[in-house]
Structure formats: structure tokens, C-alpha cells
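Q: Before anything else, here's the structure in question.
The values are calculated or read from the model by the stated rules, or taken from the named source; none is laboratory data. Predicted, not measured: the structure shown is a model, and the values here were computed from it. Cβ sites come from the backbone with ideal geometry, for glycine too, and all protein chains shown count toward neighbours. These accessible areas exclude ligands, DNA and RNA; they are computed on the full protein's heavy atoms, side chains included. Shrake-Rupley method; radii C 1.70, N 1.55, O 1.52, S 1.80 Å.
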Amino acid sequence: MAVTGRRFETGLEFIPSSSMCVVLESLRRISNQAIGKTVFEGISRNTYSCNLNKMISSGSSQTVQQPKYRNCVCWLRNDLRYHDNEVILWAHENSERVMPLYCFDPRHFGKTYKYGFPKTGPFRAKFLLESVQDMHETLKTHGSKLSVFVGKPEEVIASLLENLEVDVIVYQKEVTKEETDVEAAVQNVAKRNKIKFNTIWGSTLYHEDDLRFSVKFIPDTYTEFRKSVEAQSKIRILKPMPDVLKPLPTGEIKCSGVPSLVELGVKDFPLHESSAFPFKGGETAALQRLNSYFWESQAIEKYKETRNGLIGSEYSTKFSCWLAFGCISPRYIYHQIKSYERERTKNDSTYWVIFELIWRDYFRFVCAKYGNLVFYPGGIMQKKITWKYDLNTFQKWADGQTGVPFVDANMRELLKTGWMSNRGRQNVASFLTKDLQLDWRLGAEWFEYLLIDYDVCSNYGNWNYSAGIGNDPRENRKFNMIKQGTDYDSEGNYIRTWVPELQPILGSKIHIPWTLHPSDLHGVKLGVHYPFPILVASEWTRHFDKTKNPRWPDHRQKNQKGIDFYFKNNSKR
């Protein structure tokens, strides 16, 4: 894997009148979450029914406890939201004063580890700026603000301590090396200054404490993991957030403010007219998207049938970008789905969104289990594979100049928009690792550079899977570029969108231009307008005769085709 002005669980005085009905409707759905209990901790269904306004303004019926600390730094990273944010809630409940903090770490705008690509590309950088700015605006509506700095978190916090008396630092726990190294550096600053710190697990649908096995015993197949958590673990209810956050600490704090792309050393790119992700970053946009995809268009009801689409914004949820930055809680998505299933319909499509949220969980727990192995050439399975390091061939893949139209269309979409469909990612990854046999880390770091929805665990977990060194129970999984192309772009319209030099070629023959008679190329000259393929796999030839001219009937869209990246299409729950 829109309503304007909506904020989740804000006080009535801060809700734009045009969004009032959306918030009330959302709260009404939430109230029906369970008999006698809503998804908000401590609020009974009867309390909601009797006094809606009181619930909105108070946020919780929990007993207020005396704070343990005076001043708390609430260090935010990939948890840029107010709703269901346990880091913010912990700071609020345990401190007299709370300072929400975000640092633009210059290391995030450096180079990737192995091949030295830019670490954060323009599309993700812009999305991040929008998310941070939106978080600042949201906190303002709750009586606070986001203190934003440009600098390494450990250095920023050390500098803050010179003018600010801090008792405790709280932040969301991460699992991979670069992130945990920064955590360790912040902890060292805290220890030197005799400041306590508290870590909170908050990025997954299933909490790590609710699993029926420790992280080191996480199953090595997704299906086993999924069946276990679905049968034995429960998804927690949403955290009740305060309408008004505790005040900021006293003292002079000179923030850097939200920087521009130029200040981050990133070049801006305008939104491409054919982008499948025309959305902005931030919690507000995330909640608008969910409301639109679920409750307005009801697109969720057909998600399983459309999720392998290639063109447009509506074939999939597009939640992954907001999830990557923590702009939306996976638990909020889950509970909204459950509300939808009660009020509208329940089918395979509504379940399949949850199914893929569990995949996201799985990769995070796998990374926690295997640590740095996920970044090694042999992956978590430590396989001995001789990868090629042909950078010239890699560059053709990265630029969308391989001469294989379905691969090139996907790579060009990524290059120009920061987005690629799930179906596209499966295919280009398979082509790089199984056909070209190039080091999978080239692809992983290129995705790290360009994807808006880059998430270290999902990205490297998926690349391990695709390269055959990860959690795939099936040996030698490989995608056939011609079969995949004709199955999912049967008319060739996706290729025409991103490889315009091939537009004159009719029908799905556009997938195999190197096999065509000059009369069928309609003026396209291979080697001049478009390259000859750098590789033609022998198994592709079986599908050459399945391409067609537009006047021929096509019956291939009635059923799902091809092999899915994660699972077979007849997967059983």
C-alpha cells in the first residue's frame, strides 16, 4: 500500500467548521468499536453516548497522576503525529513541562553506506518537511509547539542542556543500526548529565510485548508469524491524547526552524502530472487520505482486486508514505477498518489491508532479530552468492534505459516521482537480482535514495526477500518481465505514460519492441529512439505470442495474474 482541515481528536474550538462533521462521524464510529468500551482507553461507550462534548474536550476519563519529572524532552523521529502517540502521551503524563523536539539530522542527507548514493532524495525530503511543519501546526492547536533544529540529535540535546533543566528524555525505539547508534549517543548525553531516558515501542500494529515469542524466536516465514499473531495476540486500543499538552519548559530556546530544501542541500522537483502519489506529508493529509479511501470513495472494498494497479492514485491505499514517517498510526488504520467492516462491509479486501500491515510488522521484527545481517551481501540467511558489480549496467537499470519497457517504465516513474507500485517494485527487484545478477544492495540503496515511503526495515527486508536471501520459503522465485507486463499492463498504457518514445507502438506489442517488424514499430528506431534490451531471458519467449494488437479481445484481466512478491494469490488465512 479528501477532507480539508481535519485534525484527529482536537478540541472543538480548534476544528474548522467544514471538518466538524468528519470528526464527529469519526468519533461516532470509534464509539461502536466494542460493547461497553471504545478504542480509547478509559472511555466507556455509555460515557460517550451521554456526553459527547465532554469526551471530545477531555480526551480521557483516566485519573490524573502527579508528574514524576519537571521538564521532559519529547524527541520525535519517525512518529510525526499527535493521535495515538505514546511518546507524547508518556511525556504529558509524567512531566510538568514538555518540549517536543525534532532534529533534521545532517547524516540523513549524506551518502548511503555501500555505494554512496544520496541518502534522502528530493521527494522524500519534501514530504518530510511537510510532515514536520504539519506536526508543528498540530501541536499549536494543543497548546504547544515543535522545537525544530538542524543538527545531530545528540549535539542538539547537549546544547539545549546548557540553558534548560531537563529531567528526562523520551523517544520511540528503533531497531536498525544507524538509528540505534543515534539513540546510544543521546543516551550517553543523558548519562553524562545525570538525566533519565525512556524508550517506547510504537511503530507496529502488534506491540512487541504482546507477541507470544521473544524477538529472537520470530518465525522465519511470514505465514507462521501472521497465523501466530492473529490467533494469539491482540491489537491494542488507541491511546487517549490530551486536548491541551503540558506547557513548554521555561527558558530561552533558539530553534533553527523548519529548513528549506535548499538549506538541506536538496534540489526541489515539481509534482509530475502523472504521479500516482500527488499527496502531501503530515498527519492531516494522512487522516484525510484514510477518510477519502475508506469512507468517501469506499475504494477499500476493492483493494485486493486493484492493489496490483500501475496508474493513478486510487489503485492502492498509499498509506506507506505516512506510515514510514509515523504520520498515521497502524492501529488507527486497523480500528478504522474494523469500524468500516461493521458499518459498511467486510470482505477479502478489507482484510488484505490488515494483512499487509502485518507484513510491515514482520519486517521490523525480522530486522530486530537478525540485526546487521539484513544489510550483508548474503542477507539474513547468510547465503553465499557471487553478486556482480557492473555499475554501467546498474546505471541503465536506475535510469530506465535497459531496453525492457516494463522495467524502464517503473524505474522512470520512481526517478521522476519518488513512487513505484508494489507490482513494479517486485519486478524491477527481480530483474536486478535474478536476471542481471547485480548486488541487491545497489537496488536497496537506490530505493533508499528515491522512495518517498522508504522505511529501513521494509526496504531491506523486501530486498532480502527478492534477492532470495531473506524470508521467502520458495526457492529461486523469479519474475518473468513479459508475462508480468502483459498481465498487469495488457494495453501498454503504463509504458506509454513513462516511456513516451514507444507510444507509436500499438497494443501490448509495446512490451517486446525488439521482436517487431519495422512496420509494427511505426517509426520507432531501436538503438536510436530506444535502446535494444541489455538482456533477454530465455523464459520470456514463451510469452511473446501472448502480446496483442488493440483490436484483439483480452480476457486476462478477469483474474489475478503472475506471482506476488510476498505470497501466492491463493494464500489461505
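Q: So if I place +1 on the C-beta of Lys and Arg and -1 on the C-beta of Asp and Glu, and nothing else carries charge, what would the dipole magnitude of the stretch 436-510 be about its Cα centre? I want it in debye, nearest 20.
A: Here the size comes out at about 320 debye.
Q: Once the other residues with Cβ under 12 Å from the Cβ of I311 are scored (Lys, Arg +1; Asp, Glu -1), what is the net sum?
A: Value of the local net charge: -2.
Q: Averaging over every viewing direction, what projected area does the convex hull of the Cα atoms of the stretch 85-243 cover, in nm²?
A: On the way: hull surface 47.9 nm².
For the stretch 85-243, averaging the hull's shadow over all directions gives 12.0 nm².
Q: Over the stretch 269-384, what portion of Cα pair distances is larger than 26 Å, expressed as a whole percent?
A: 30
Q: Please work out the FRET efficiency for the pair K346 and T221, using the Cβ-Cβ distance as r and a Förster radius of 30 Å; give the result to the nearest 0.05.
A: It comes out at approximately 0.65.
Q: Of A184, L146, F217, which is farthest along the charge dipole of the stretch 141-227 in the positive direction, counting Lys and Arg as +1 and Asp and Glu as -1 at C-beta?
A: My answer, from the dipole projection, is F217.
Q: With a cap of 15 neighbouring Cβ atoms within 10 Å, and only residues DSSP puts in a loop, list the chymotrypsin sites (Phe, Trp or Tyr not before Pro) found in the stretch 213-254.
A: On the way: sites: F213, F217, Y222, F225; in loops: F213.
Hits after loop and neighbour filter: F213.
Q: Let me ask something additional. Please state the charge dipole magnitude for the stretch 355-489, taken about the Cα centre, from unit charges on C-beta atoms (+1 on K and R, -1 on D and E), reported in debye and rounded to the nearest 20.
A: Numbers: 17 positive and 16 negative charges, 77 e Å.
Approximately 380 debye in magnitude.
Q: Measuring from centroid to centroid over Cα atoms, what is the spacing of the stretch 90-158 and the stretch 451-471 in Å?
A: So the two Cα centres are separated by 24 Å.
Q: So, one more: Enter the accessible area of K140 (Å², nearest 10), with the probe set to 1.4 Å and all protein chains included.
A: We get 100 Å² for K140.
Q: Pop a pseudo-label 7 angstrom from the Cα along the beta-carbon direction at both F532 and V244 and give the gap in nm to one decimal.
A: Using points 7 Å along Cα→Cβ, the separation is 7.5 nm.
Q: Report, please, the projected area of the stretch 361-495 averaged over directions, based on the convex hull of its C-alpha atoms, in nm².
A: 7.9
Q: In the stretch 93-247, what percentage of the DSSP-assigned beta bridges are antiparallel, given to the nearest 5?
A: 10
Q: Which of the trypsin sites (Lys or Arg not before Pro) across the stretch 106-137 are loop residues per DSSP, with 14 or fewer other Cβ within 10 Å?
A: K114
Q: Still on this structure, please answer the following. Under unit Cβ charges (Lys, Arg +1; Asp, Glu -1), what dipole magnitude, rounded to 20 debye, does the stretch 256-397 have relative to its Cα centre?
A: With Lys and Arg at +1 and Asp and Glu at -1, about 580 debye.
Q: For Y376 and S256, FRET efficiency with R0 = 35 Å and r from the beta-carbon atoms, rounded to 0.05?
A: Using R0 = 35 Å, I get an efficiency of 0.45.
Q: Counting heavy atoms of the protein chains only and a 1.4 Å probe, report the per residue accessible area for the stretch 122-251 as a whole number of Å².
A: On the way: 5570 Å² over 130 residues.
Per residue, the stretch 122-251 has an accessible area of 43 Å².
Q: Take the alpha carbon atoms of the stretch 198-259, find their center, do the same for the stretch 365-434, and report the distance between the two centers in whole angstrom.
A: 29
Q: Relative contact order, percent, of the stretch 154-297 when contacts are C-alpha pairs under 8 Å separated by at least 6 residues?
A: Details: 76 pairs, mean separation 29.5, N = 144.
The normalised contact order for the stretch 154-297 reaches 20 percent.
Q: May I ask you to list the trypsin sites (Lys or Arg not before Pro) in the stretch 159-244 that are in a DSSP loop and have at most 14 other Cβ atoms within 10 Å of their Cβ? Could the numbers behind the result be given before it?
A: Working: sites: K173, K177, K191, R192, K194, K196, R212, K216, R226, K227, K234, R236; in loops: K173, K194, R212, K234, R236.
Hits after loop and neighbour filter: K194, R212, K234.
Q: So what's the stretch 213-319 giving for Rg/Rh, alpha carbon basis, Kirkwood Rh from the mean inverse pair distance? Working shown, then result.
A: Numbers: Rg = 20.9 Å, Rh = 19.3 Å.
Taking Rh as the inverse mean 1/r over Cα pairs, Rg/Rh reads 1.08.
Q: Let me ask you something else. What spacing in nm lies between the two simple spin-label points modelled at R474 and E162, each 7 Å away from Cα in the Cβ direction?
A: Each label point is offset 7 Å from its Cα along the Cβ direction, giving 5.8 nm.
Q: Let me ask you something else. Report the label-to-label distance for K114 and S228 in nanometres (one decimal), using points 7 Å from each Cα along the Cα→Cβ vector.
A: Each label point is offset 7 Å from its Cα along the Cβ direction, giving 2.8 nm.
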